[in-house]
1. Tally time: how many residues in the range 52-92 are touching a Leu at 6+ places or on another chain (Cβ under 7 Å) and modelled with pLDDT of 85 or more?
2. Looking at the range 81-101, which of its residues are surrounded by fewer than 16 Cβ atoms within 10 Å (Cβ to Cβ) and either farther than 16 Å from residue 18 by Cβ or polar (S, T, N, Q) (or both)?
3. Mind checking which residues of the range 128-156 are surrounded by 15 or more Cβ atoms within 10 Å (Cβ to Cβ), touching a helix residue (DSSP H, G or I) at 6+ places or on another chain (Cβ under 7 Å) and modelled with pLDDT of 90 or more?
4. Which number in (1) of a type in the set (D, E, K, R); (2) modelled with pLDDT of 95 or more; (3) part of a helix (DSSP H, G or I) marks the one condition that residue 101 misses?
5. Being in contact with an Asp or Glu (Cβ under 9 Å, 6 or more places away or on another chain) and either buried (at least 16 other Cβ atoms within 10 Å of the Cβ) or modelled with pLDDT of 90 or more (or both) is the requirement here; does residue 19 meet it?
Amino acid sequence: MFKKILYPTDLSEVSSKALSCLVEMKGSGIKQVILLHVISQSEAESTSEYHHHLFPGIHLETPAKGVAEFLKEVQKAQEGEAREGLAPFESALQDAGFEVKIRIERGVAKLKILQIEQDEHVDAVILGSHGRSNLKEMLLGSVSEHVIRHSKKPVIVVKR
């Protein structure tokens, strides 16, 4: 039925529950899992805006060059944190016998998930119902709701 699954995670508790569910589905014929983490583009942008607040003692000779270098360092740090955060997910999936492909992307999560769904030709998507914001007053998180509405593939949503 499903051989290739897209598993986007924001490394939250709910996405860990989706991991457990996915591991339990191993016997259903799933061979490969695309483990996706999307770094919000706005995180890098907002970090650069507060550069002077974060590093008040640092004066850059050429601001454009300095900001570009700073953004590269921020991006490198974010990717390192993402890889570190994904490591336990990858290990658990590999231990369960899945082939795992990691993708770390930048952009708007709900749009990137749909793009990767298409690019990777997955059979289904599994994700948590809520991300890090975990707003209790919402029935579903905005990312999961968008993916459910616009995905061309089946979507498995794991409740918190």
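The values are calculated or read from the model by the stated rules, or taken from the named source; none is laboratory data. None of these values were measured; they are calculated from a predicted model. Using ideal geometry, Cβ is built from the backbone for each residue, glycine included, and neighbour counts are taken over all protein chains shown.
1. Result for the range 52-92: 5.
2. 81, 83, 84, 87, 91, 94, 95, 97, 99, 101
3. Of everything in the range 128-156, those that are surrounded by 15 or more Cβ atoms within 10 Å (Cβ to Cβ), touching a helix residue (DSSP H, G or I) at 6+ places or on another chain (Cβ under 7 Å) and modelled with pLDDT of 90 or more turn out to be 146, 147, 151, 153, 155.
4. Tallying (1) of a type in the set (D, E, K, R); (2) modelled with pLDDT of 95 or more; (3) part of a helix (DSSP H, G or I), residue 101 fails exactly one: (3).
5. Answer is no for this residue.
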